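Presented below is the structure to which this report refers.
The values are calculated or read from the model by the stated rules, or taken from the named source; none is laboratory data. These numbers were taken from a predicted model, which means no experiment stands behind them. Here the Cβ positions follow ideal geometry from the backbone for every residue, glycine too, while neighbour counts run over all protein chains shown. For accessibility, only protein heavy atoms count, side chains too; no ligands or nucleic acids. Shrake-Rupley method; radii C 1.70, N 1.55, O 1.52, S 1.80 Å.
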Amino acid sequence: MLTNHFQADWEADILIINSEGFSHEIEIKFSKSDFKNDFKKSYVNTTTGEKFLKHDKICCGDYICNSFSFLLPMGMIEHSLIPEHCGIIEFYHNVDSWETEFYLIRKPAKVHEDSYWNLTDKDLFIRKMALNLLSKKWK
């Protein structure tokens with residue numbers, strides 16, 4: 001599991017990759033405006049120059065991760081406003097006790113069957129991860 005993972009023009013707040021290479025991106029949102037802005041994110045196909053919206057790519061399976069979820073404060077977004085391909089995880093943070101509880105509201109759809117390692121260079125990924133961890137340790 002990685003936090004704030006950057007790869008080219010793509011960034012994941014949380015990226016989970018299991019032993020079989022199944023990948024799950026979790027996007028953390030703390031405000032309604034931040035949530036709405038996620039649907040404006042776009043990517044450009046470097047070969048064709050075509051521009052694609054992030055969630056159009058996710059729902060049609062043309063995305064690096066096998067699944068995608070939002071992690072949101074409890075009750076912040078009406079569930080019907082969240083596309084069906086997205087998982088929903090809500091949390092409640094008790095400011096008095098500093099305890100946080102997480103609730104899986106909806107499991108994400110599996111948008112494709114390809115292993116993360118078939119879509120990206122595993123050695124480069126591990127080197128970037130090691131460099132990232134090393135730089136965090138130095139800070």
Given charges of +1 on the Cβ of Lys and Arg and -1 on the Cβ of Asp and Glu, with all other atoms neutral, how large is the dipole of the range 24-131 about its Cα centre, in debye to the nearest 20? 320
Top of Glu50, Glu20, Glu90 by mean-square fluctuation, Gaussian network on the chain, Cα under 10 Å: Glu50
Find the relative contact order for the chain and round it to a whole percent, using C-alpha pairs within less than 8 Å whose residues are 6+ positions apart. 19
If you restrict to DSSP beta bridges whose two residues both lie in the range 16-139, what percentage is antiparallel, to the nearest 5? 50
Filter Lys32/Lys122; Lys36/Lys122; Lys54/Lys128; Lys29/Lys107; Lys54/Lys122 down to the pairs with a C-alpha to C-alpha distance above 27 Å, please. Lys32/Lys122; Lys36/Lys122
Tell me, what is the 1.4 Å probe accessible area of Cys60, in Å² to the nearest 10? 100
Mind listing which trypsin sites (Lys or Arg not before Pro) in the range 21-112 are in a DSSP loop and have 15 or fewer other Cβ atoms within 10 Å? Lys40, Lys41, Lys110
Accessible-area value, Leu81, 1.4 Å probe, nucleic acids and ligands omitted, Å²: 120
Heavy-atom accessible area of Ile77 with all protein chains present, probe 1.4 Å, nearest 10 Å²? 10
